[in-house]
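Here is the structure we will look at.
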Amino acid sequence: MLSDRLIFQGHDTFICRNNWLKKGYDFLHSGGNFTNADSVVRLGVGKNMVTSIRYWLRSFGLTDEIDVLQPIAHQILGADGLDPYLEDEATLWYLHYLLVKTGRASLYHFIFNELRKQGFSFSRAQLQQYVTRKCSERGVAVNENTLESDMTVFVRTYGPSGKDGGKVDIEEESTGLLQDLGLLTISKTDGIRYHIENTERPELPWQVVLQVILENESYGEAISFTDLEVAPDSPGLVFALNEKGLFYKIEEMMVQFPTAIVYSSTAGNRVLTIKKDLINLTEVLQAYYGQVV
């Protein structure tokens, strides 16, 4: 859900590095405060990076606006969390979803939930024009330089390192948190263009897709297949899943929950029915991560 407040800055041009969310979590969990003078020493990074870590924790929905750790942060990053060191790609897929869903990093919401409905390929100019227009519709002015910086960070967050034609920090580019998801590709045949194609994504675990569906407050017990493809924060949009890939995930869910999850297609009306009271998602995720249930 897009926040009422549009935000296109706060990262200080740093992408989120692999260890930053855990580093920030441990810092806050031990009583740290980002505004204290000792934060630079305790986090072991520069002052601007402290600001960036704070920004990314908020943008992923792991903290609120006053830096209070949220339940999902403890569930993932706590000492007994599902994946405290973010070693499983499933966790990265879910964090990507949180980044889009939280809407605090507004550009990510615009791209995955809205822009891609108009096409899977776009130039930087097209992206800038689109976001500027959407902001104008909401009566919000966005600084051109700020938006340019945000677009650069977006590309470096998801794209292959060093492919955008600009100067890069080799260390930062090789440790970006979400680059390995392979969501963004870049071509230079007709100027620089960015592509987020819908594919089957066999590497995306069905458990993550099920979690996203169950967390979407706009979904009832019966969900149309179309809404699973193109509704806001849907798995189809957020994960760039094509129709076949989405259906395969549903098939995997039904194998595990044959009485709780039912797919039907009548006269072209495709509906997924989920009896939420029959699914303990915590146990599903614990089983996926190999924890004792």
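Coordinate-derived values only; no laboratory data. Keep in mind it's a predicted model, so treat the numbers as computed, not measured. Here Cβ is always computed from backbone atoms with ideal geometry, including for glycine, and neighbour counts include all displayed protein chains.
Each of the trypsin sites (Lys or Arg not before Pro) that DSSP puts in a loop and that has at most 13 other Cβ atoms within 10 Å breaks the chain; the longest unbroken stretch is 6-137.
At full extension, residue 255 and residue 192 could sit 18.4 nm farther apart than now, given 0.36 nm per residue minus the alpha carbon distance. Between the range 234-293 and the range 63-93, how many Å separate their Cα centres? Here the answer is 23 Å between Cα centres. Sorted largest first, the spans of the alpha carbon positions of the range 32-169 along the three principal axes are 43, 34, 33 Å. The length gained on full extension between residue 13 and residue 266, counted as 0.36 nm times the residue separation minus their Cα-Cα distance, comes to 86.1 nm.
With the largest listed first and rounded to whole Å, the semi-axes of the equivalent ellipsoid of the chain from the Cα gyration tensor are 31, 25, 17.
Neighbours of residue 84 by Cβ distance under 10 Å: Lys/Arg scored +1, Asp/Glu scored -1, total -3. Here is the size of the range 174-230 from its Cα atoms: Rg then Dmax, 15.6, 46 Å. Panel note: the C-alpha atoms of the range 39-111, placed on their principal axes, show extents of 32, 32, 21 Å (largest first).
In the chain, taking the dipole from charged Cβ atoms about the Cα centre, the farthest positive-side position among 268, 139, 222 is held by 139.
When the charge dipole of the chain is built from unit charges on Cβ atoms (+1 for Lys and Arg, -1 for Asp and Glu) and taken about the Cα centre, the candidate among 127, 43, 109 whose Cα reaches farthest toward its positive end is 127. For the range 237-293, taking Cα atoms only, Rg and Dmax work out to 13.3, 43 Å respectively.
What 222 nm value per residue comes from the helices of the chain, counting each DSSP H run with n ≥ 4 as -39,500 (n - 2.57) and dividing by all residues, nearest 500 deg cm²/dmol? The partial results should precede the final answer.
Working: 14 runs with 128 residues, N = 293.
Using -39500 (n - 2.57) per qualifying helix, the result is -12500 deg cm²/dmol.
Using the eigenvalues of the Cα gyration tensor, what equivalent ellipsoid semi-axes result for the range 1-72 when each is taken as the square root of five times the eigenvalue, whole Å, largest first?
One finds semi-axes of 19, 14, 11 Å for the range 1-72.
Taking the Cα centre of the range 45-130 as origin, sum charge times position over the Cβ atoms of Lys and Arg (+1) and Asp and Glu (-1), and report the length of that vector in debye to the nearest 20.
Values: 8 positive and 9 negative charges, 116 e Å.
Around 560 debye, computed over the range 45-130.
Computed from point charges on the beta carbon alone (+1 for Lys and Arg, -1 for Asp and Glu), the dipole magnitude for the range 181-293 about its Cα centre is near 180 Debye. The distance between label points at residue 148 and residue 282 comes to 5.0 nm (points 7 Å beyond Cα on the Cα→Cβ vector). Evaluating 6.51 cos²θ - 1.76 cosθ + 1.60 at θ = phi - 60° for every residue in the range 38-53, the Karplus couplings come out as 7, 5, 4, 5, 5, 8, x, 9, x, 4, 5, 6, 4, 4, 5, 4 Hz, glycine and proline recorded as x.
Ignoring the sites themselves, what is the longest stretch of the chain with no GluC sites (Glu not before Pro) in a DSSP loop and at most 13 other beta-carbon atoms within 10 Å? Please list the in-between numbers first.
Numbers: sites that count: 65, 87, 197, 203, 217, 221.
Of all site-free stretches, the longest is 88-196.
Where nothing but the Cβ of Lys and Arg (+1) and of Asp and Glu (-1) is charged, how large is the charge dipole of the range 1-92 around its Cα centre, in debye to the nearest 20? Write out the running numbers ahead of the final one.
Working: 8 positive and 12 negative charges, 78 e Å.
Here the range 1-92 has a charge dipole of around 380 debye.
Across all Cα atoms of the range 75-151, the radius of gyration (one decimal) and Dmax (whole number) stand at 15.8, 45 Å. Projecting the Cα atoms of 82, 255, 240 onto the charge dipole of the chain (Cβ charges, centred on the Cα centre) puts 240 farthest toward the positive pole.
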